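Below: the structure, in structure tokens.
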Amino acid sequence: MGIYFESGAEMTMGTFPLKADELKDAVRLAYETGFRSFDTAQMYQNEADLGAALADIGADRDELFITTKILPANLGTDRFIPSAEQSLQALRLDYVDVLLVHWPSPDIENEEALSQLQLAHEKGLAKHIGISNYTIAMMEQAAALLDAPIACNQVEFHPYLDQTKLKAAADRLGVSLSAYCPLAKGQILDDPVIAEIAQRYARPPSQIVLRWILQNGVSANPMSTKKANLESNRAALDFSLSGADMHLLDQLGSNNLRIVDKQRMPIAPDWD
Ligand SMILES: NC(=O)c1ccc[n+]([C@@H]2O[C@H](COP(=O)([O-])OP(=O)(O)OC[C@H]3O[C@@H](n4cnc5c(N)ncnc54)[C@H](OP(=O)(O)O)[C@@H]3O)[C@@H](O)[C@H]2O)c1
């Protein structure tokens, strides 16, 4: 199931769009709740705030699992490595656990970005490398080009989006998926099927959604600023859904809800 599960990082705290004190407060609450894995990106402009928050907490480097992502504008040979080094400086780290290409760029060929990603790995800037928002064809290209294993393809993943094809291709290529917008930004928590399952397990709908993701072998990156929600999200680690209930949730993909679409992110590729 990949490095996130092997490292106990399958429940990661997302940090977008948090900054400054809001980020610091949320990271402290998350840490107190047991989160050790944090997801940031150059695009979020909060790497320095995350670095400061973790330094304030006094967290041991060895217990942390930090993912960051290279901005599309920094994917070229001239900017990739210097920008990764700037990210490390901002995060106050010698290396990140996972470094991702955040988005395929319309201006820079994937080959160039991936060769720089590989170089970042070889230079020790990242323990593991991966991709985000890559289509099936792009994942195939990455698997063919990269020598190091691909830690993940971080993509939108929740019960209202049918990612069956992408998941099957990822499984075939040995690439794990990591879920962003795992709670669909809260938009699916009133769904009657999810609510009915939640009632039977005496768990909130958010835990049912996160559990479905984890039981698909996909790591999750929920963002929350609230202690109760952070605690609740971690509690998705400690129960199981039956096969029948997993199947009920699988059917919700026909809702076809894509939150990060071309309107929100014009450089998004044509999804599978
Ligand atoms: N790779 C990419 O291109 C990409 C794109 C988008 C996002 N991401 C990453 O994925 C992370 C998560 O995505 P997201 O923040 O867009 O969406 P999300 O995690 O699906 O939803 C976040 C929202 O859900 C609420 N929430 C969290 N836990 C809850 C709970 N237990 N019950 C009820 N509501 C809850 C939060 O509010 P409260 O603060 O009130 O709890 C927040 O408003 C981001 O932070 C970022 O790290 C990556």
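Scanning segment 133-155 for residues that are surrounded by fewer than 21 Cβ atoms within 10 Å (Cβ to Cβ) and not hydrophobic (A, V, I, L, M, F, W, C), which turns out nearest to Asp190 (Cα to Cα)?
Of the residues in segment 133-155, the ones surrounded by fewer than 21 Cβ atoms within 10 Å (Cβ to Cβ) are 135-138, 140-141, 143-149.
Keeping just the survivors that are not hydrophobic (A, V, I, L, M, F, W, C) gives 135, 140-141, 147, 149.
Values: Thr135: 30, Glu140: 37, Gln141: 39, Asp147: 44, Pro149: 38 Å.
Only one residue fits best here, namely Thr135.
For segment 41-100, name all the residues that are surrounded by 15 or more Cβ atoms within 10 Å (Cβ to Cβ), within 20 Å of Lys123 (Cα to Cα) and among the acidic types (Asp, Glu). Matches in segment 41-100: Asp97 only. Taken over segment 170-188, the criterion of being touching a residue at least 40 places away in the same chain (Cβ under 8 Å) and over 18 Å from the mean Cα position of the chain (by Cα) is satisfied by Gln187, Ile188.
Working only within segment 194-217, note down all residues that are part of a loop (DSSP other than H, G, I, E, B) and touching a helix residue (DSSP H, G or I) at 6+ places or on another chain (Cβ under 9 Å).
The answer is Arg203, Pro204, Asn216, Gly217.
For segment 196-208, taking the residues that are over 17 Å from His247 (Cβ atoms) and either among the basic types (Lys, Arg) or away from the ligand (no atom under 11 Å from the Cβ) (or both), the one that is surrounded by the fewest Cβ atoms within 10 Å (Cβ to Cβ) is identified as Ala202.
Please determine whether any residue of segment 173-193 is at positive phi, buried (at least 20 other Cβ atoms within 10 Å of the Cβ), part of a helix (DSSP H, G or I) and within 11 Å of the ligand (Cβ to nearest atom). Yes, the conditions are met somewhere in segment 173-193. Tallying residues that are surrounded by fewer than 20 Cβ atoms within 10 Å (Cβ to Cβ), within 6 Å of the ligand (Cβ to nearest atom) and in a loop (DSSP other than H, G, I, E, B) within segment 218-244 yields 2.
Bear in mind that the values in this text are calculations on the coordinates, not laboratory data. Remember, predicted model here, so these are calculated numbers, not experimental data. Cβ sites come from the backbone with ideal geometry, for glycine too, and all protein chains shown count toward neighbours.
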